[in-house]
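Participant: This structure is in structure tokens; I'll ask about it shortly.
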């Protein structure tokens with residue numbers, strides 16, 4: 001599993017705050033083309049992310065695993081979950097706070 005964390009490193013306080021977390025899980029494919037289950041977790045801090053409540057999910061299929069950098073996989077994962085393009089508008093599930 002690939003874990004992508006977005007962290008804020010404060011230049012003022014030196015504090016590190018986790019702002020977002022995503023999981024990219026290999027679910028098969030071939031040696032050259034991969035299939036992945038992708039999800040982002042609900043919350044705005046480490047404690048909430050550690051509860052592993054899924055915010056959005058999707059799949060990336062036929063990803064050329066050895067021929068392009070992993071950042072392309074991250075970009076495809078975000079697109080598969082609707083974080084780019086016309087769906088850039090906030091969705092209701094984005095606006096709900098984790099309890």
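Read the figures in this text as sums done on the coordinates, not as results from a lab. Because the structure is predicted, anything quoted here is derived from the model rather than measured. No Cβ is skipped: glycine too gets one built from the backbone with ideal geometry, and neighbour counts run over all protein chains shown.
Participant: Which value in Å is the Kirkwood Rh of the range 2-95 over different Cα pairs?
Facilitator: 14.4 Å
Participant: Using a Förster radius of 41 Å, what is the FRET efficiency between residue 12 and residue 68 based on their Cβ-Cβ separation? Nearest 0.05, please.
Facilitator: Given R0 = 41 Å and the Cβ-Cβ separation, E is 0.65.
Participant: Here's another thing I want to ask about it. Would you calculate the separation in nanometres between label points at residue 26 and residue 51, each defined as 7 Å from the Cα along the Cα-to-beta-carbon direction?
Facilitator: Reported label-point gap for residue 26 and residue 51 is 3.2 nm.
Participant: Then there is this: Sorted from fewest to most neighbouring beta carbons within 10 Å, what does the list 1, 81 look like?
Facilitator: So the ranking, lowest neighbour count to highest, is 1, 81.
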